[in-house]
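Visitor: My questions all concern the structure below.
The values are calculated or read from the model by the stated rules, or taken from the named source; none is laboratory data. Fair warning: this is a prediction, and the values are worked out from it, not measured in the lab. Here Cβ is always computed from backbone atoms with ideal geometry, including for glycine, and neighbour counts include all displayed protein chains. For accessibility, only protein heavy atoms count, side chains too; no ligands or nucleic acids. Shrake-Rupley method; radii C 1.70, N 1.55, O 1.52, S 1.80 Å.
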There are 2 protein chains.
Amino acid sequence: MAQQTLEVTQATTLKEKPNPATLEFGKQFSDHMFMMDYTSDEGWHDPRIVPYQPLTLDPAAMVFHYGQTVFEGLKAYRSNDGDIRLFRPEENFRRLNQSCDRLCIPKVNEEAMLDYLKELVKLDKEWIPTNAGTSLYVRPFIISTEATLDVSPARTYTLMVILSPVGSFYKGGIDPVSIFVEDEYTRAAPGGTGNAKTAGNYSGAYKAQNRAADHQKAQVLWLDGVEKKYIEEVGSMNVFFKIDGEIHTPALNGSILEGITRKSVIELLESEGMPVRERKISIEEVIAANESGSLQEVFGTGTAAVISPVGRLEYKGHDYVINDGAMGETARWLHETLVGIQTGELEDPFGWSVLIEG
Amino acid sequence: MAQQTLEVTQATTLKEKPNPATLEFGKQFSDHMFMMDYTSDEGWHDPRIVPYQPLTLDPAAMVFHYGQTVFEGLKAYRSNDGDIRLFRPEENFRRLNQSCDRLCIPKVNEEAMLDYLKELVKLDKEWIPTNAGTSLYVRPFIISTEATLDVSPARTYTLMVILSPVGSFYKGGIDPVSIFVEDEYTRAAPGGTGNAKTAGNYSGAYKAQNRAADHQKAQVLWLDGVEKKYIEEVGSMNVFFKIDGEIHTPALNGSILEGITRKSVIELLESEGMPVRERKISIEEVIAANESGSLQEVFGTGTAAVISPVGRLEYKGHDYVINDGAMGETARWLHETLVGIQTGELEDPFGWSVLIEG
């Protein structure tokens, strides 16, 4: 998997860039994309940047039938002085390979991928919005392309990276979300694919997401797939609880996604002398802590929102208000600090923010 | 969802048909395919038969990222006198809609789909091989096509049906398979997508399939996702046990696929006065029954193999031989009877076999 020469084919006409004030998530894409192919004979080969364009696939391409596919999500930020930064991108390619392992997809060269990504982002840098809260969402993904209905790992794949300018997750200030504790549908079980970023985990969650919406809740709080007792994730975010001044989060157990924002929150709090307790946390414990007044904050962590405070929680027909429905001080500090590091407005003692131009 | 007029565009050049003696599963496809689109405004519309051709999709098409897709599998048979039959196709479209429900995909008109399928199979009838054990495998599937990275049900879909001539599953006689009892990886858990035919269930199983192969076993025997104690499926088949003259099969529990061959086996045995006991069956019970000599047969049921006897089973490092590694009389009778009904060689008192031409 030595690094290969990147071929660049520039688009001859450039698309009009969207208004940064009205951006939606993941609906518009930049002028170029990265592609690379895999065959069992040649391995990963032909890395190239090409104009953003449709894919042509046989109807029997395995991705349509057996879902052998993995993806990642990260963001590029641009400051008003033109500095361009990626946030911990090496972690995304490390996790991409971890997902590949679970789905029996051949691994990629992580260092080469980071270099290719830098070239792509630099080429399309005018697509990175600079307004507060905006960024360029980066979506690397791999699909199995072999045209056969045989149920076994494919022998051909394509890796792509597409770029989408995204708006502020919080238009008009951070508004805590309400969540619905799901005790019927399961996101993931031990031995399943829960800690891989693979397609089936996401569409499998829609049914529960619709039910949460029916209850006027924005997100699902997922319990473990075995006892339906221990908290796993919120929507597609990891989740943290502040109880009696201490921060707690569900320990990684193979069915919880190993969030990069989760990891950063833990490292950030530890650097401030606030160790995070990673352990099994039952929903009953959280409800009891809320009733007794010891539950001070609940917040989700993820690439899209960075930090998403939870203001309300429904469990077994009861609605519980958390911290009077307001964002807590820890969530606020984490949000400001992480966004500050991501955008380059705050100093980065951790070396998380990778300056690729500036 | 009223039935709409089917548009047929015939291929101008026809492909060479493969040698029926050397057919592989799902590698070659017929001259035509069926397509139909869905938009939230128009519902399912524009049913059409077109030459088999590649699909063109945006790289952001949701199927690549979030796996919102379902499929079915059934077979068409052609006799030497030209009779063409489908086996219980209405059950496949019923199950397709059941899968759609779990994946939040808009349902299809089952009767209309059956009519469209008949037209497609009749048009490509020369692709149905007639050699013993061969058939035309029919693969209906639906993919989400909307180009957005938003994690929610798509607003546009395409349904396709492709056809692939397949060879005899048993080249040179029925050879009982060996299976590996998987006690680490999970296929499905309660509240998950196990009883939907959706892509992620299949690629999520590759890791275990590779481990079974490392142990020189052809298939995985899946245990339940909670206790890793009760038997669920074998490979992508349902599984039956003959113990002390009685037939037992795991009861449907939401994580087991509701196989149409499974259902047919149960109905067939019941019609012969052999009721099937649908219940929870632990792996320990099966091992004990084998040790005591009361386990007479184990066999899988599915569209591909119809009946697949199990001759050897590995559990926790021990290999157990079942029925001296031979096919049992019940499996053999079921295989002959089902294949006879499917091909029209035996009388069909159940009305399962749908004659579409002849």
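Visitor: Kindly indicate whether any position in region B:201-213 is touching a residue at least 60 places away in the same chain (Cβ under 8 Å) and either outside the structural domain of B:Ser144 (by TED's automatic domain parsing) or assigned to a loop (DSSP other than H, G, I, E, B) (or both).
Guide: Within region B:201-213, none of the residues are touching a residue at least 60 places away in the same chain (Cβ under 8 Å) and either outside the structural domain of B:Ser144 (by TED's automatic domain parsing) or assigned to a loop (DSSP other than H, G, I, E, B) (or both).
Visitor: Going by the structure shown, is A:Thr13 closer than 17 Å to A:Leu159 by Cβ and either polar (S, T, N, Q) or without any contact (Cβ under 8 Å) to a residue 24 or more places away in the chain (or both)?
Guide: It is false that A:Thr13 is closer than 17 Å to A:Leu159 by Cβ and either polar (S, T, N, Q) or without any contact (Cβ under 8 Å) to a residue 24 or more places away in the chain (or both).
Visitor: In region B:153-185, what residues are open to solvent by 10 Å² or more (accessible area, probe 1.4 Å) and of a type in the set (S, T, N, Q)?
Guide: Result: B:Thr156, B:Thr158, B:Ser168, B:Ser178.
Visitor: Sticking with this structure for a sec: Based on what the data block shows, is A:Ala76 surrounded by 23 or more Cβ atoms within 10 Å (Cβ to Cβ) and within 24 Å of the chain's Cα centre (by Cα)? Steps first, please.
Guide: Numbers: surrounded by 23 or more Cβ atoms within 10 Å (Cβ to Cβ): yes; within 24 Å of the chain's Cα centre (by Cα): yes.
So A:Ala76 passes the test.
Visitor: Same structure again: From the list B:Pro129, B:Pro140, which residue is part of a loop (DSSP other than H, G, I, E, B), buried (at least 18 other Cβ atoms within 10 Å of the Cβ) and touching a residue at least 12 places away in the same chain (Cβ under 8 Å)?
Guide: B:Pro129
Visitor: Sticking with this one: What do you reckon, is A:Asn195 under 15 Å from the mean Cα position of the chain (by Cα) and without any contact (Cβ under 8 Å) to a residue 60 or more places away in the chain?
Guide: no
Visitor: Condition first: in a loop (DSSP other than H, G, I, E, B) and either farther than 28 Å from B:Leu334 by Cα or β-branched (Val, Ile, Thr) (or both). Now tell me which residues in region B:147-174 satisfy that. Don't jump to the end; show me each part of the working.
Guide: Of region B:147-174, the ones in a loop (DSSP other than H, G, I, E, B) are B:148-155, B:167-174.
Matches in region B:147-174: B:Thr148, B:Leu149, B:Asp150, B:Val151, B:Ser152, B:Pro153, B:Ala154, B:Arg155, B:Ile174.
Visitor: If you don't mind, there's one more thing I want to ask. In this structure, is A:Glu24 in contact with a helix residue (DSSP H, G or I) (Cβ under 6 Å, 6 or more places away or on another chain) and of a type in the set (D, E, K, R)?
Guide: Spelling it out, it is not the case that A:Glu24 is in contact with a helix residue (DSSP H, G or I) (Cβ under 6 Å, 6 or more places away or on another chain) and of a type in the set (D, E, K, R).
Visitor: Hey, another quick one. Looking at (1) of a type outside the set (Lys, Arg); (2) in contact with a Gly (Cβ under 8 Å, 6 or more places away or on another chain); (3) surrounded by 18 or more Cβ atoms within 10 Å (Cβ to Cβ), find the lone condition where B:Asp150 falls short.
Guide: Among (1) of a type outside the set (Lys, Arg); (2) in contact with a Gly (Cβ under 8 Å, 6 or more places away or on another chain); (3) surrounded by 18 or more Cβ atoms within 10 Å (Cβ to Cβ), B:Asp150 violates only (3).
Visitor: Could I ask something else about it? Quick check on my filter: what residues within region A:161-193 are over 23 Å from B:Phe71 (Cβ atoms) and out of contact with any strand residue (DSSP E or B) (no Cβ under 7 Å at 6 or more places or on another chain)?
Guide: Within region A:161-193, A:Gly167, A:Ser168, A:Phe169, A:Tyr170, A:Lys171, A:Gly172, A:Gly173, A:Asp175, A:Glu184, A:Pro190, A:Gly191 qualify.
Visitor: Being hydrophobic (A, V, I, L, M, F, W, C), within 7 Å of chain A (Cβ to nearest Cβ) and in contact with a helix residue (DSSP H, G or I) (Cβ under 6 Å, 6 or more places away or on another chain) is the filter here, so list the residues in region B:150-185 that pass it.
Guide: Going residue by residue through region B:150-185, those that are hydrophobic (A, V, I, L, M, F, W, C) are B:151, B:154, B:159-163, B:166, B:169, B:174, B:177, B:179-181.
Keeping just the survivors that are within 7 Å of chain A (Cβ to nearest Cβ) gives B:151, B:160, B:162.
Answer for region B:150-185, where residues must be hydrophobic (A, V, I, L, M, F, W, C), within 7 Å of chain A (Cβ to nearest Cβ) and in contact with a helix residue (DSSP H, G or I) (Cβ under 6 Å, 6 or more places away or on another chain): just B:Val151.
Visitor: Just for strands (runs of 3 or more DSSP E) wholly inside region B:263-358: which have at least 2 residues that are outside the structural domain of B:Gly82 (by TED's automatic domain parsing) and surrounded by fewer than 17 Cβ atoms within 10 Å (Cβ to Cβ)?
Guide: B:276-279, B:318-321, B:353-357
Visitor: From the list B:Ala213, B:Ala218, which one is farther than 20 Å from B:Glu284 by Cβ and either at the interface with chain A (Cβ under 10 Å from one of its Cβ atoms) or open to solvent by less than 40 Å² (accessible area, probe 1.4 Å) (or both)?
Guide: Sole residue among the options that is farther than 20 Å from B:Glu284 by Cβ and either at the interface with chain A (Cβ under 10 Å from one of its Cβ atoms) or open to solvent by less than 40 Å² (accessible area, probe 1.4 Å) (or both): B:Ala213.
Visitor: With the structure loaded, tell me whether B:Ser203 is under 30 Å from B:Asp348 (Cα atoms) and within 14 Å of chain A (Cβ to nearest Cβ) or whether it fails that test.
Guide: In short, no.
Visitor: Going through A:Gly235, A:Gly245, A:Gly173, A:Gly194 one at a time, which residue ends up being at pLDDT 95 or above and over 21 Å from A:Leu268 (Cβ atoms)?
Guide: It is A:Gly194.
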